[in-house]
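Colleague: Dropping a structure here in structure tokens format, bear with me for questions.
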Amino acid sequence: MPATTSVVGTADFNTRRKSIVTNTPRCRSCRGKTSYYYSLYDMERQRAESTFTIISKVKNSPNVNTAVKWLTSNKLLIFILVSVVFGVILGLILRPLNLSSDTITLISYPGDLFLRTLKLMVLPFIISCLIIGAANLDISKNGNVAVRTIVYFVLTSVFNVCLGLTLGLLVHPGSPDLRLTNTTSFTGPKKMNVMDGFLDMGKNLLPENLFQATIQQTLTEYETVMGENNTKTLKKVVKYKDGTNTLGIIFFCLIFGTILGTMGERKRHVLNFFTVTYEVMQKILTGVIWFTPIGVASVICGKIITLAQLTTTLVQLSLFIMTTVGGFLFYQLIVIQVIYFVIVKKSPWPYYVSLGPALATAFATASKSASLPITFKVLDEKLKMNPKITKFVLPVGTINMDGSALYLSVALLFLAQINNLQLGIGEIFTIGLACTAASMSSAAIPSAAIVLVVMLCSVINIPTEDVSLLFAVDWLVDRFRTMNNLIGDCYTVAIVQHLSKEELEQDDEKEAEEAHVNGTFVMQEQEQNAQTNQSFSTNTPV
């Protein structure tokens, strides 16, 4: 008999013990061996049982179950974070190799296709969501939801402008030494007046052509013209610039959806069309979303490879980067979490962590619009937010740019400081007002805020050539700015939903009653038809 064998379970021990006792000879010389093997198997059994107990405890441990559940539910976030790190490392490795332009193009190509796919889905998402949200909310009866949303957007934008001005004045990131060696010529919009900014918002709010609004928006510029005696004067010209007029599309869809919601049963066919459109876009997104890690790694790697003088630029403008990114993180990790805790009265961190895939996509793509489809998926499916709120707040949130508001105020102070401009209370107030208006009209595209900086330079007479300093680091700052823009919308959904709980419950009860009445009416009609058919078949001669 062998001294040791593999042990699987308790049943095996009992069987083998019985076999030892039954098959072992009954002589005295063998009884000692039997007792020896008997005790050996007992010891082995005890060790195995203790091992099984430990493994069972580990498997059933609440901490282990929680960790496994979190990893399973956040696997997309983990993949995206890994792809971000991989893209950065690969870009830093390939930078010194002086790759050809064709090779760089091929590296960036998957990311370019990924971005184009996401942007392709933005307009159908915005249009269908706004019309569904406005029609289902019935704003004529639930106007408080719209009012709370807009008021919250304005208040957070003003707060971020004030935060940016405070940080810019306290930290003082600008130094005249930067301007002497780093500025280059820049061609772009030369002037912007605060009044012109507000007037342009009104013009974009009511576009002349809805189809034109999908590709162009209105902009007032000043051109230099030669007058009499060869004198140069500035002439105000209203032009169209490339970029989706999101403000006009939002306004039209809100009006369309609001009127549609008041039309009773006649709205069902139109509403079903946009509902199906939204569901189709969601199904497309389900297939696209798993290409996010590949697209993210490609975008970041290609961007790092193409940047010139990466280290030198980061060192020279480190104080500006620290000021802006520090402001973004302060608002994102402290201010917005405190607002959520005070209003919703829940811990904000589970909500914040669940937004991981949307925030990671915003960081990688530097576009809130491009991350909008994924944001819908996270809020609707993972966080189980009310679809009526998400379909209303998120599309309208394209005018809510908290990160851009903070960035614009810091950037203008930075440019004023490198030019040794002394700003008084009036100039600072003017900057704050202009930044608030400009941030709410910003396009949700990469580096859109840098164009607004050029336009805002004329508010305090800053040379536009100095904006070239900001271009060198905007690729990095823009990613943190976009995350703040997106997180402002996501937290607005939670806060507005909490404040509108009573209205939403009343809406749900009303819809349930209507569905019950309609269902009863349909059943009664079907019963009457059945009785009529039965009576007809009975009275009909054969």
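Colleague: Relative to the compact-globule scaling 2.2 N^0.38 Å, provide the ratio for the alpha-carbon radius of gyration of region 355-494. All intermediate terms of the calculation are to be shown ahead of the outcome.
Modeller: On the way: Rg = 16.4 Å, N = 140, 2.2 N^0.38 = 14.4 Å.
Rounded to two decimals, the normalised Rg is 1.14.
Colleague: Rounded to the nearest 0.05, what FRET efficiency do GLU509 and SER347 have when you use their Cβ-Cβ distance and R0 = 22 Å? Present the calculation step by step, with values, prior to reporting the outcome.
Modeller: Working: r = 29 Å, r/R0 = 1.34.
So, using R0 = 22 Å, E works out to roughly 0.15.
Colleague: Evaluate region 264-422: find the radius of gyration of its Cα atoms, find its Kirkwood radius, and give the ratio Rg to Rh. All intermediate terms of the calculation are to be shown ahead of the outcome.
Modeller: On the way: Rg = 19.8 Å, Rh = 18.9 Å.
Using only Cα positions, Rg/Rh for region 264-422 is 1.05.
Colleague: Which shape class, rounded, prolate or oblate, goes with region 332-391 when its Cα gyration tensor gives a ≥ b ≥ c as root eigenvalues, a/c under 1.5 marks rounded, and past that a/b bigger than b/c marks prolate?
Modeller: On the way: a/c = 2.12, a/b = 1.32, b/c = 1.60.
The shape class here is oblate.
Colleague: Using a 1.4 angstrom probe on the protein heavy atoms only, line up GLU509, GLU503, GLU427 by accessible area, largest first. If you can, show how the numbers build up before the last one.
Modeller: Details: GLU509 115, GLU503 30, GLU427 80 Å².
The most accessible residue leads, giving GLU509, GLU427, GLU503.
Colleague: Kirkwood-based Rg over Rh for region 233-309 (C-alpha set), two decimals?
Modeller: Details: Rg = 21.2 Å, Rh = 17.6 Å.
A ratio of 1.21.
Colleague: Shifting gears a bit: Where does each of TRP475, TRP349 land when they are ordered by accessible area, with a 1.4 Å probe and the largest first? Don't skip to the end; give the middle numbers.
Modeller: Details: TRP475 40, TRP349 120 Å².
Largest accessible area first, the list is TRP349, TRP475.
Colleague: Express in Å², to the nearest 10, the accessible area of MET263 obtained by rolling a 1.4 Å probe over the protein heavy atoms while all chains stay in place.
Modeller: 80 Å²
Colleague: Stick to Cα atoms and the Kirkwood definition of Rh, then tell me Rg/Rh for region 225-358. All intermediate terms of the calculation are to be shown ahead of the outcome.
Modeller: Numbers: Rg = 24.5 Å, Rh = 21.9 Å.
Result for region 225-358 is an Rg/Rh of 1.12.
Colleague: May I pose another question? Not counting ligands, DNA or RNA, and with a 1.4 Å probe, what is HIS269's accessible surface area in Å² rounded to the nearest 10?
Modeller: HIS269 exposes around 150 Å² with every protein chain in place.
Colleague: Would you tell me the accessible area of LEU169, worked out with a 1.4 angstrom probe on the heavy atoms of the protein chains, in Å² to the nearest 10?
Modeller: Roll a 1.4 Å probe over it and LEU169 shows about 90 Å².
Colleague: TYR109 versus ILE259, label points 7 Å from Cα toward the beta carbon: distance in nm?
Modeller: Output for this residue pair reads 4.8 nm.
Colleague: Another question, if that's okay. Convex hull over the Cα atoms of region 365-447, averaged projected area in nm²? Before the final figure, lay out the partial values.
Modeller: Values: hull surface 26.9 nm².
Averaging across all directions leaves 6.7 nm² for the Cα convex hull.
The values are calculated or read from the model by the stated rules, or taken from the named source; none is laboratory data. Since the model is a prediction, treat every value here as computed from it, not as a measurement. Backbone-built Cβ (ideal geometry, glycine too); neighbour counts: all protein chains shown. Ligands, DNA and RNA are excluded from the accessible area calculation, which covers all protein heavy atoms including side chains. Shrake-Rupley method; radii C 1.70, N 1.55, O 1.52, S 1.80 Å.
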